[in-house]
Structure formats: C-alpha cells, structure tokens
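Asker: Please find one structure pasted underneath; my questions will follow.
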Amino acid sequence: MEFDFEALPPQDRYRLLCSFVAPRPIALVTTLDKDGTSNAAPMSFFNVFSQDPPLVILGIQVKPDGAPKDTITNIRRSREFVVNMCDMAIAQQMVDCGINFPQGVDELEVTGLSLAPSRQIEPGWVKEAPCAMECRVAQILEYPRRSIVLGEVVQMHVRDECLDENGRYVRPDKYQPIARLHADNYILSDDQFELLPTAALQSARTA
C-alpha cells in the first residue's frame, strides 16, 4: 500500500503515523495555571532529543474545537513544565488525567496522585512517578493545529530503586515504563532483552 501524505486527510495521517511509530513513551506533563492550580495531562507525542543540551520534545495538538489545551496555555505563559514518566503503578491515573475536565480542575487531586515541590521551577512533580524531569522552555514551534515544545531538563528526580547502587544504570526489573501503541492500546516494557552487534562484523570494522 502507498499513501500520499500531501493528499491524505489529517486523521488518516494520524492513524498511520501513530500505529507504526510505536511504542511511544508517555509524558504525564504537569504545569501551573495562572491561578496557581496544578494541571496534569498525558502526551504520547513525546521523546528525548539531546543530552547536550538536555532536550525533550512535546507535540501538543489543539482541542477538537480549535481552542488551545490548558497545558500549552500554561507553558506559553510560565515557560516551565515537568515531564513525569509513567509505569503500571500510575497507568490508570495517567489515562484519567487525559479526561477533558473543566478548566481549573486539578487532575492530580481528582485522580489521587500526589504533588511534590520542584527544586528549580514552579510546577511540581508527581510523587508516584518513577522519574520526573523539571524543564524550562528552550523553544516553541507553532503550527496551525499543533505546538512543538522543546524543553531543557534542569533537574531530574528518580526513584532510588530504579537505578543501580552507583546511580548510573537503570534496573530493568524495577523501571518498566509503559508506552502507547495506537488508539487505547499500551505496552509494558517487561520483556526486555540485550542485543549486541555481530562480533565478526564488529571486529572487521575495527581491524
């Protein structure tokens, strides 16, 4: 099958892109509104893009009626946000945070998640998250129906058990993030395996 993306309707492009570029990590993004109320929203258009500078990227689409989502409104104003990673322990709360609550509702409070104070920015982070990254906006690219946010990570919070005793490597039996496949389908990274380059090819390359 062939698909001409210049002729394809946006929803069909979305379906194909999200079905095949998967699994995608989920960012539960916390921000503060103008009144100081916390907001939390899950986003699967998310990834890490660089370590120097340390950059993450968010893709935030407008609401069906064309209005901006609370998350991007808060980010544009404060230039700060937190990316909270998700595991099975908070999977249901993450999904529930995506419900279209009225503006001003604290999704963390509604779903039973807890907020911890950040060290370098105003929005707090989710205590139950295995990892959380405090971010300041580096750049926002604006498109008619989507904003692309580049955030620079300034602080990371990691649950102690997720890393080895030297704090360098993830323990795969302890940190098992969930990711989105397509529609309402998710995957848990509990079936990990190690894959190394073919020894003969590696030797030939370095000979």
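The values are calculated or read from the model by the stated rules, or taken from the named source; none is laboratory data. Worth saying up front: this structure is predicted, and the values here are computed from it rather than measured. Don't worry about glycine lacking a Cβ; one is built from the backbone with ideal geometry, like all the others, and counts go over all protein chains shown. Calculation scope for accessible area: heavy atoms of the full protein, side chains included, ligands and nucleic acids excluded. Shrake-Rupley method; radii C 1.70, N 1.55, O 1.52, S 1.80 Å.
Asker: Please indicate, with yes or no, whether at least one residue in the range 98-110 is outside any loop (DSSP other than H, G, I, E, B), β-branched (Val, Ile, Thr), touching a helix residue (DSSP H, G or I) at 6+ places or on another chain (Cβ under 8 Å) and open to solvent by less than 40 Å² (accessible area, probe 1.4 Å).
Answerer: No, the range 98-110 contains no residue that is outside any loop (DSSP other than H, G, I, E, B), β-branched (Val, Ile, Thr), touching a helix residue (DSSP H, G or I) at 6+ places or on another chain (Cβ under 8 Å) and open to solvent by less than 40 Å² (accessible area, probe 1.4 Å).
Asker: Suppose the filter is within 12 Å of the chain's Cα centre (by Cα) and touching a residue at least 12 places away in the same chain (Cβ under 8 Å); does Ile72 pass it?
Answerer: Considered against the rule, which asks whether it is within 12 Å of the chain's Cα centre (by Cα) and touching a residue at least 12 places away in the same chain (Cβ under 8 Å), Ile72 comes out as no.
Asker: What are the residues in the range 155-207 that are assigned to a loop (DSSP other than H, G, I, E, B) and within 24 Å of Ser19 (Cα to Cα), if any?
Answerer: Passing the criteria: Gln176, Leu181, His182, Ala183, Asp184, Asn185, Ser189, Asp190, Asp191, Gln192, Phe193.
Asker: Do the conditions hold for Glu152, that is, is it closer than 12 Å to Val56 by Cα, among the charged types (D, E, K, R) and under 17 Å from the mean Cα position of the chain (by Cα)?
Answerer: Yes.
Asker: Further, regarding this structure: Looking at Glu152, Glu122, Glu128, which is the one that is acidic (Asp, Glu), touching a strand residue (DSSP E or B) at 6+ places or on another chain (Cβ under 9 Å), in a strand (DSSP E or B) and open to solvent by 50 Å² or more (accessible area, probe 1.4 Å)?
Answerer: So the residue among Glu152, Glu122, Glu128 that is acidic (Asp, Glu), touching a strand residue (DSSP E or B) at 6+ places or on another chain (Cβ under 9 Å), in a strand (DSSP E or B) and open to solvent by 50 Å² or more (accessible area, probe 1.4 Å) is Glu152.
Asker: Which of (1) surrounded by fewer than 16 Cβ atoms within 10 Å (Cβ to Cβ); (2) touching a Gly at 6+ places or on another chain (Cβ under 6 Å) does Cys135 not meet, given it meets every other one?
Answerer: Cys135 satisfies all of (1) surrounded by fewer than 16 Cβ atoms within 10 Å (Cβ to Cβ); (2) touching a Gly at 6+ places or on another chain (Cβ under 6 Å) except (1).
Asker: Give the residues of the range 167-184 that are modelled with pLDDT of 90 or more and open to solvent by 70 Å² or more (accessible area, probe 1.4 Å), sorted by residue number.
Answerer: Listed by number, the residues that qualify are Arg168, Tyr169, Val170, Arg171, Asp173, Lys174, Asp184.
Asker: Same structure again: Return the pairs, sorted by first residue and then second, in which the second residue is open to solvent by 20 Å² or more (accessible area, probe 1.4 Å) and acidic (Asp, Glu), the first residue lies in the range 11-32 and is more than 16 Å from Gln61 (Cβ to Cβ) and without any contact (Cβ under 8 Å) to a residue 60 or more places away in the chain, the beta carbons are less than 9 Å apart, and the residues are 6+ apart or on different chains.
Answerer: none
Asker: May I ask you to say which residue of Lys69, Lys63 is open to solvent by 20 Å² or more (accessible area, probe 1.4 Å), touching a strand residue (DSSP E or B) at 6+ places or on another chain (Cβ under 7 Å) and farther than 22 Å from Ser118 by Cα?
Answerer: Lys69
Asker: Can you tell me which residue in the range 14-60 is most open to solvent (accessible area, probe 1.4 Å), limited to those that are over 16 Å from Arg136 (Cα atoms) and aromatic (Phe, Trp, Tyr)?
Answerer: So the residue we want is Phe20.
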